[in-house]
Amino acid sequence: MSAPVTTLIVEDHPILADALVALLRREPEFDVLEPVSTVSAALAAIAERDPRLVVLDQHLPDGVGTDVARAIRRDRRRASAVILTGDARDETLLAAIEVGVAGFIAKTEPAERIVSALKRAAAGEIVIAAADLARLLARQRDREQARRDREGVAGMLTSRDRDVLELMARGLDTKEIATHTGLAVNTIRGQVQNVIEKLGVHSRLEAVIRASALGLTRMEERNGLRT
C-alpha cells in the first residue's frame, strides 16, 4: 500500500474545516495536517510541511484560494491544489483553471463525493465536473465569437461612424448630431444609415443596442432613444 498523501486544508470556517479534517482522517489515503484559515498561513504551512494535496476554500480573509494555487505553481511545489468552494460561478472556475488547479469541487456536493473527488485528485487525476467544464467551454466559445464579431464590426467603422454612434447612444436626434458635429443634416442622415447597415440592424435603437452588446460604445444606460 502506498504512503498516505500529506494533505493541507485551507478553510476559514472552523466548523467546515473540522468536518473536512474528520472526514479525511477516516480515510487511510490521507495524512491530514492541522488546518489553516488564511492565504499567508497556507503559504507558510506549504513551505514548512510540503504537502502533496492542498484543499482550498476560494474566499479567505486575506485573499483567495487561487492565490495559493498560483504560488504553488510559481514555486514548482509538488502539491496539487483543489478548490473546494461555495462560489461555483464560471468566473471562479475559470480563475481556478487558469492557475492550474487539479480540481474544482462545490461545497454543495455530498460528503462522500467530496472525499471521492479528493482521492482522485490525490492520485493525480484532474477533478472538475463534466457539466461545469462543458458550460465553461461553451461560455468561452461564446466569448470568442463575440470578440470576433466585435473586431469585425469595429474594423468596418470609421472614426466618424464611431462619433455618430456615440452621439446616437446619448439619445441625440439627427439635427442635434448635426449641430454637435458641425455637419449637414443630410450628411448625418447618410452617416446614421451607414452605421445601421454596418451593424446589420434596421433602426437607430437596434444599432445602439448592438453596439453596446459588442462593447463599441462607452455608455451603459441609454434612455430616451429616438428611432
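Residues of the stretch 4-29 being under 31 Å from the mean Cα position of the chain (by Cα) and either more than 21 Å from residue 59 (Cα to Cα) or part of a helix (DSSP H, G or I) (or both), which ones?
Passing the criteria: 5, 6, 14, 15, 16, 17, 18, 19, 20, 21, 23, 24.
Which of the helices (runs of 4 or more DSSP H) found entirely inside the stretch 164-217 contain at least 3 residues meeting this: within 36 Å of the chain's Cα centre (by Cα)? It would help to see each step written out before you state the result.
Working: elements: 174-181, 185-198, 204-213.
Passing ranges, in order: 185-198, 204-213.
Which residues, counting only those in the stretch 39-52, are surrounded by fewer than 16 Cβ atoms within 10 Å (Cβ to Cβ) and farther than 22 Å from residue 119 by Cβ? Outline the logic, then answer.
Restricting attention to the stretch 39-52, the residues satisfying the condition of being surrounded by fewer than 16 Cβ atoms within 10 Å (Cβ to Cβ) are 40, 44, 47-50.
Result: 40, 44, 47, 48.
Tally up the residues in the stretch 30-52 that are outside any loop (DSSP other than H, G, I, E, B) and either under 14 Å from residue 75 (Cα atoms) or in contact (Cβ under 8 Å) with a residue 24 or more places away in the chain (or both), please. First the steps, then the outcome.
Initial filter on the stretch 30-52 (outside any loop (DSSP other than H, G, I, E, B)): 30-32, 36, 39-49.
Narrowing the set further to residues that are either under 14 Å from residue 75 (Cα atoms) or in contact (Cβ under 8 Å) with a residue 24 or more places away in the chain (or both) leaves 30-32, 36, 39, 41-49.
The number of residues fulfilling the criteria is 14.
Within the stretch 125-133, does at least one residue satisfy the condition of being assigned to a helix (DSSP H, G or I) and under 15 Å from the mean Cα position of the chain (by Cα)? Talk me through it step by step, then tell me what you get.
Filtering the stretch 125-133 for residues assigned to a helix (DSSP H, G or I) gives 130-133.
Retained after the next criterion (residues that are under 15 Å from the mean Cα position of the chain (by Cα)): 132-133.
There is at least one residue in the stretch 125-133 that is assigned to a helix (DSSP H, G or I) and under 15 Å from the mean Cα position of the chain (by Cα).
Per-residue answers, yes or no, for (1) part of a loop (DSSP other than H, G, I, E, B); (2) without any contact (Cβ under 8 Å) to a residue 60 or more places away in the chain; (3) surrounded by fewer than 15 Cβ atoms within 10 Å (Cβ to Cβ):
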| position | (1), (2), (3) |
| --- | --- |
| 54 | no, yes, no |
| 70 | no, yes, no |
| 78 | yes, yes, yes |
| 82 | no, yes, no |
| 88 | yes, yes, no |
| 93 | no, yes, no |
| 105 | no, yes, no |
| 119 | no, no, no |
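Take residue 115 and tell me if it is part of a helix (DSSP H, G or I), in the same structural domain as residue 90 (by TED's automatic domain parsing) and hydrophobic (A, V, I, L, M, F, W, C).
Working: part of a helix (DSSP H, G or I): yes; in the same structural domain as residue 90 (by TED's automatic domain parsing): yes; hydrophobic (A, V, I, L, M, F, W, C): yes.
Considered against the rule, which asks whether it is part of a helix (DSSP H, G or I), in the same structural domain as residue 90 (by TED's automatic domain parsing) and hydrophobic (A, V, I, L, M, F, W, C), residue 115 comes out as yes.
The values are calculated or read from the model by the stated rules, or taken from the named source; none is laboratory data. From a predicted model like this one, the values you see are computed outputs, not experimental measurements. Counting neighbours? That spans all protein chains shown, and the Cβs are built from the backbone with ideal geometry, glycine included.
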